[in-house]
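The next block holds one structure in the form of structure tokens; read it before the comments.
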Amino acid sequence: MEEKTMSEKESLELISSMIKKTQQNLENSNGRPFLIWGYTTVFVSLLVYFVVSKTNNYHYHLLWFLIPLIGITLMMLTRKKRDKKQHVVTFLAQAILKVWTVVGIAAMLVAVGSFFANIPILGIMLLLMGMGTMITGLLIRFNLIVISGIIGMLFSALPFVVQQMEQILIFGAIFLLIMVIPGHVLNYKSRKSHV
Amino acid sequence: MFKALDPLLHSELRLAVMSILISVEEADFVFIRGKTGASAGNLSVQIDKLSEAGYIEVNKGFKGKRPQTVCKITQKGIKAFEGYVNAIKSYLDVDKDN
């Protein structure tokens, strides 16, 4: 591309073709974050369930904090790999990041608050994650993710209908349903649209 | 009455850079170069011109050990771009009328 005189029509064509070219690479919404957080939550839920039911020691509920630890580490590792080539941030990616930052902070505050007060923590977590998932689904216009978010929010009533230990297993199963499965579907669709 | 075309934007490579940056939050030199297909030297000169005019913000830093130049469009740049597109539209409308 050189510095040359363009007609008005050529200018408009150039603008629209550059915008189109830029958007092409960026619309490959990927399911990786859903898979990372989904699988991590399923794994930690099973771990907490088995350890607490074997030992009857409720201090092992601290294992829940493995979720942010493992999740953030995996997110950073996969991000580094991807960003080595080039760096570009879209408005959409920025919006999604902000939504999950708010959800993440709220989740951490609730988790810390649960040390001081008896709160239905798993239900609140499902409500928060369901909200984050639904907003993400609406932003990327992917109905399965929107529905997953609604299911997550619906199940926030879980602590009021199920016993405490069973809650943990169901909590893991819901994450499988609302994050792992949509994450795989999103990846599959993204791959398919780029073939 | 024709609106004057901004000479800074009425250049193929600079207009391409602005068109990329108007559609993202920020992008680095490698991304812009890949999309425009321009040579590194030429792109660097044009980015400097846009930056000197205050149309874009350029942050030079490092990502790991690699140098990284991240560009972002400014409010002034957005206004200039909008003005340029409107001016072009006015030219094309006149063409249509004739």
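Read-outs: derived from the displayed coordinates by stated rules, not from any lab. Please read all numbers here as calculations on a predicted model, not as lab measurements. When we count neighbours, we look across all protein chains shown, and the Cβ atoms used for this are built from the backbone with ideal geometry, even at glycine.
Of the residues A:ILE15, A:ILE96, A:ILE150, the one that moves most in a GNM of chain A with alpha-carbon contacts below 10 Å is A:ILE15. Distances between placed amide hydrogens fall under 5 Å for B:GLU25 paired with A:VAL89, A:THR90, A:PHE91, all partners being 5 or more residues away or on another chain. Modelled spin-label separation between B:VAL45 and A:VAL110, with each label point placed 7 Å from Cα along the Cα-to-Cβ direction: 5.8 nm. Between amide H atoms placed 1.01 Å from N, distances below 5 Å from B:ILE73 occur with B:GLU57, all of them 5 or more places distant or on a separate chain. Around the Cα centre of chain A, unit charges on the Cβ atoms of Lys, Arg, Asp and Glu (plus for the first two, minus for the last two) sum to a dipole of about 480 debye.
Of A:LYS9/B:LYS76; A:LYS192/B:LYS89; A:LYS21/B:LYS89; A:LYS192/B:LYS63; A:LYS189/B:LYS35, which pairs sit farther than 27 Å apart, going by alpha carbon to alpha carbon? Beyond 27 Å: A:LYS192/B:LYS89; A:LYS192/B:LYS63. Take every pair of alpha-carbon atoms less than 8 Å apart whose residues are at least six positions apart; their mean separation over the length of chain A yields a relative contact order of 32 percent. Highest mean first, the peptides B:41-50, A:133-142 sorted by other C-beta atoms within 10 Å per residue fall in the order A:133-142, B:41-50. Considering only B:LYS76, B:LYS63, B:LYS35, the Gaussian network model of chain B with Cα springs below 10 Å gives its largest mean-square fluctuation to B:LYS63. Residues considered: B:ILE78, B:ILE22, B:ILE88. Largest GNM mean-square fluctuation over chain B, using C-alpha springs under 10 Å, is found at B:ILE88. Calculated [222 nm] ellipticity per residue, helices only, for chain B: -18000 deg cm²/dmol; basis is -39500 (n - 2.57) per DSSP H run with n ≥ 4, divided by all residues, nearest 500. Only Lys, Arg, Asp and Glu carry charge here, each on its Cβ (+1 for the first two, -1 for the last two); on that basis the range B:12-93 has a dipole of about 320 debye about its Cα centre.
Here, P(r) means the percent of Cα pairs in each 10 Å bin from 0 to the largest distance; for the range B:12-93 it is 18, 51, 25, 5, 1, 0. Convex hull of alpha carbon positions in chain A: directionally averaged projected area 13.8 nm². Determine the relative contact order of chain B: mean sequence separation of Cα pairs under 8 Å and six or more apart, normalised by residue count, in whole percent. It comes to 34 percent, rounded to a whole number.
Remark: spin-label model distance A:LYS192-A:ALA157 equals 3.4 nm, labels positioned 7 Å along the Cα→Cβ axis. In a fully extended conformation the segment linking A:LEU97 and A:LYS21 would gain 25.0 nm over its present Cα-Cα distance, using 0.36 nm per residue. Dividing the summed helix terms, -39500 (n - 2.57) for each DSSP H run of n ≥ 4, by the number of residues in chain A produces a 222 nm estimate of -24500 deg cm²/dmol to the nearest 500.
The Cα center of the range A:135-159 and the Cα center of the range A:7-75 differ in position by 15 Å. Taking 7 Å steps out from each Cα toward its Cβ at B:GLU25 and B:LEU92 produces label points 3.0 nm apart.
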